[in-house]
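The values are calculated or read from the model by the stated rules, or taken from the named source; none is laboratory data. Source: prediction; values computed, not measured. A quick note on method: Cβ atoms are made from the backbone with ideal geometry, for glycine too, and the neighbour counts reach across all protein chains shown. Only protein heavy atoms, including side chains, enter the accessible area calculation; ligands, DNA and RNA are left aside. Shrake-Rupley method; radii C 1.70, N 1.55, O 1.52, S 1.80 Å.
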Amino acid sequence: MSNTVYWLWAAQTLGAGAKTAKIMQTYGGIEQLYVCENYEHLFTKPKIEKLRDKSLQKSEEIIEYCAGRGYTILTPESSDYPQAFLQMPDYPCVLYVQGKIDFNALPFISIVGARKATYYGLNVATRLAYSLSAGGAVVVSGGALGIDSAAHKGAVLAGGKTVMVLGSGLDGGYFKDNEALRAAVAQSGAIISEFEPTFRANRLSFPIRNRLIAALGLGTVVVQASPKSGSLITANFARQYGRDVYGVPGGIYNKEFQGVNELIRDGAGIVVGVEDILGNYKAQYPDCIDIEKAVAYDIRDNEEIYRDLPQTEIEAVDREIELNFDEKKRITGLSPKTRLVYDSLETGEKHINEISTLTALSLSEVLSELTSLELMDAVVALEGRKYRQS
């Protein structure tokens with residue numbers, strides 16, 4: 001009998017996040033854990049009762065379910081299992097995979113950030129992921145709305161590979177609003193989860209998921225994070241696992257960026273260009289990473305990113321990904337800076353200083369763009385140097 005059924009049994013019994021390394025070292029392996037009866041010295045009484053239930057029926061049902069869906073089941077004994085995970089004290093007993101990617105031969109970079117992201121954050125995440133992919137890296141993120149979706153989208157648009165790490169099962173209903181992007185990710189890379197396929201996400205499953213994002217990446221880039229952002233949990237995991245942590249700086253008076261700015265203050269690498277990341281791994285992956293190509297894509301305007309793309313699923317992706325603004329209110333023909341200022345007002349009226357902080361443009365640049373938008377009847381000037389979309 002394949003050991004896969006035992007690993008599935010262990011995943012159900014121990015739960016995600018269990019101290020797998022210590023357990024396997026103590027019992028000598030997965031088969032030994034399964035046949036053992038003496039669990040008293042390491043487990044609580046409720047857990048012991050579960051361990052003594054030796055039924056493999058559910059494990060066999062999961063194997064059949066995944067085969068019917070075309071999902072791959074990886075265990076720590078599988079040759080394709082990410083070796084980076086085996087360095088974790090709580091490595092997953094099982095990994096469910098939709099798609100296909102070589103977890104052990106490519107440079108992975110994780111990008112995380114706020115769900116309710118600013119246009120500046122979304123713009124940076126998309127373009128940074130695009131450049132990383134163009135330069136040969138695989139972008140890893142968590143599939144949430146906001147920065148995660150922007151990162152996956154950037155990688156897909158570049159024709160690169162990306163990995164989506166879910167806090168639910170593959171069929172747990174999460175990310176259904178972004179089905180087109182999910183399909184594109186599975187086609188270009190992989191969607192993975194340690195939770196059984198029909199598991200639905202809860203408030204505890206996302207922090208558990210975050211450790212996998214941190215462990216898989218050579219480094220974790222935080223694009224936008226408030227002081228209590230879950231992205232900081234991922235950054236802390238990355239540090240625990242000896243991975244690099246990077247931050248994209250934001251306005252110092254903007255709470256939306258306070259968390260990432262504090263990361264940089266406390267020693268995280270500052271990112272002002274894609275070379276700040278890829279330059280650290282070129283020697284390790286000389287045949288994969290092309291910094292010159294990545295930098296060339298890093299300086300392109302937004303419009304150029306979308307130009308001359310093949311007519312594939314990416315069109316559907318571009319239609320369905322909402323970058324924090326209402327398409328019905330969008331106006332066309334704007335330059336990148338004008339678009340940046342216009343979309344910063346999507347959530348309501350703002351003071352000119354706040355617009356400057358959100359867009360990372362100088363006050364003079366913001367005034368110039370607002371004047372253009374006023375002439376187009378796209379924005380309205382209010383008292384107190386405030387503006388809103390018309």
Original post:
Over segment 196-249, what is the relative contact order in whole percent, taking alpha-carbon pairs under 8 Å and six or more residues apart?
Top reply: 39 percent
Original post:
If the cut-off is 30 Å between C-alpha atoms, which lysines fall inside it for Lys50, apart from same-chain ones fewer than 8 positions away?
Top reply: Lys19, Lys22, Lys58
Original post:
At a 1.4 Å probe, what is the % contribution of carbon and sulfur to the accessible area of the chain?
Top reply: 49 percent
Original post:
How would you order 28-38, 362-372, 157-167 from highest to lowest mean count of nearby Cβ atoms within 10 Å?
Top reply: 157-167, 362-372, 28-38
**OP:** Treating only the Cβ atoms of Lys and Arg (+1) and Asp and Glu (-1) as charged, compute the dipole magnitude of segment 177-271 about its Cα centre; round to the nearest 20 debye.
**Re:** 200 debye
**OP:** List the relative contact order of segment 1-98 as a percent without decimals, with contacts defined as Cα pairs under 8 Å and 6+ residues apart.
**Re:** 41 percent
Subject >> Counting DSSP beta bridges with both ends in the chain, the antiparallel % (nearest 5) >> reply: 40 percent
**OP:** Tell me which label goes with the value of percent of Cα pairs over 42 Å apart computed from the coordinates here: [x] 17; [y] 28; [z] 6.
**Re:** [x]
Original post:
What's the angle, to the nearest 10 degrees (0 to 90), between helix 147-157's Cα axis and the longest principal axis of the chain?
Top reply: 90 degrees
**OP:** Report relative contact order for segment 127-261 in percent, whole number only (criteria: Cα-Cα under 8 Å, sequence separation at least 6).
**Re:** 19 percent
**OP:** Taking the chain as the reference, fit the longest principal axis to its C-alpha atoms, fit the long axis of helix 363-375 to the helix C-alpha atoms, and give the angle between the two in degrees, 0 to 90, nearest 10.
**Re:** 70 degrees
Original post:
Does segment 115-195 come out rounded, prolate or oblate by the C-alpha gyration tensor, with a ≥ b ≥ c the root eigenvalues, rounded set by a/c under 1.5 and, if not, prolate when a/b is larger than b/c and oblate if not?
Top reply: oblate
Original post:
Can you give the % of DSSP beta bridges in segment 83-198 that are antiparallel, to the nearest 5?
Top reply: 30 percent
**OP:** Determine the calculated [θ] at 222 nm for the chain from helices alone, applying -39500 (n - 2.57) to every DSSP H run no shorter than 4 residues and normalising by the residue count; nearest 500 deg cm²/dmol.
**Re:** -12000 deg cm²/dmol
Original post:
Which one of Ser141, Val163, Ser131 is farthest out on the positive end of the charge dipole of segment 102-193, using unit charges on Cβ (Lys, Arg +1; Asp, Glu -1) and the Cα centre as origin?
Top reply: Ser131
Subject >> Interchain or long-range residues, amide H under 5 Å from Ala144's placed H >> reply: Ser149
Original post:
What is the packing order of peptides 273-282, 72-81, 184-193, taking the mean over residues of other C-beta atoms within 10 Å and listing the highest first?
Top reply: 184-193, 273-282, 72-81
**OP:** Using a Förster distance of 22 angstrom, determine the FRET efficiency expected from the C-beta separation of Glu49 and Lys22, and round it to 0.05.
**Re:** 0.60
Subject >> Point-charge dipole on Cβ atoms (K/R +1, D/E -1) for segment 31-86, about Cα centre, debye to 20 >> reply: 240 debye
Original post:
In whole Å, what is the distance between the alpha-carbon centres of segment 192-238 and segment 1-42?
Top reply: 24 Å
Original post:
Based on Cβ point charges of +1 for Lys and Arg and -1 for Asp and Glu, what charge dipole magnitude is obtained for the chain about its Cα centre, in debye rounded to the nearest 20?
Top reply: 980 debye
Subject >> Extension gain, Gln83 back to Arg69 (0.36 nm per residue minus Cα-Cα distance, nm) >> reply: 2.5 nm
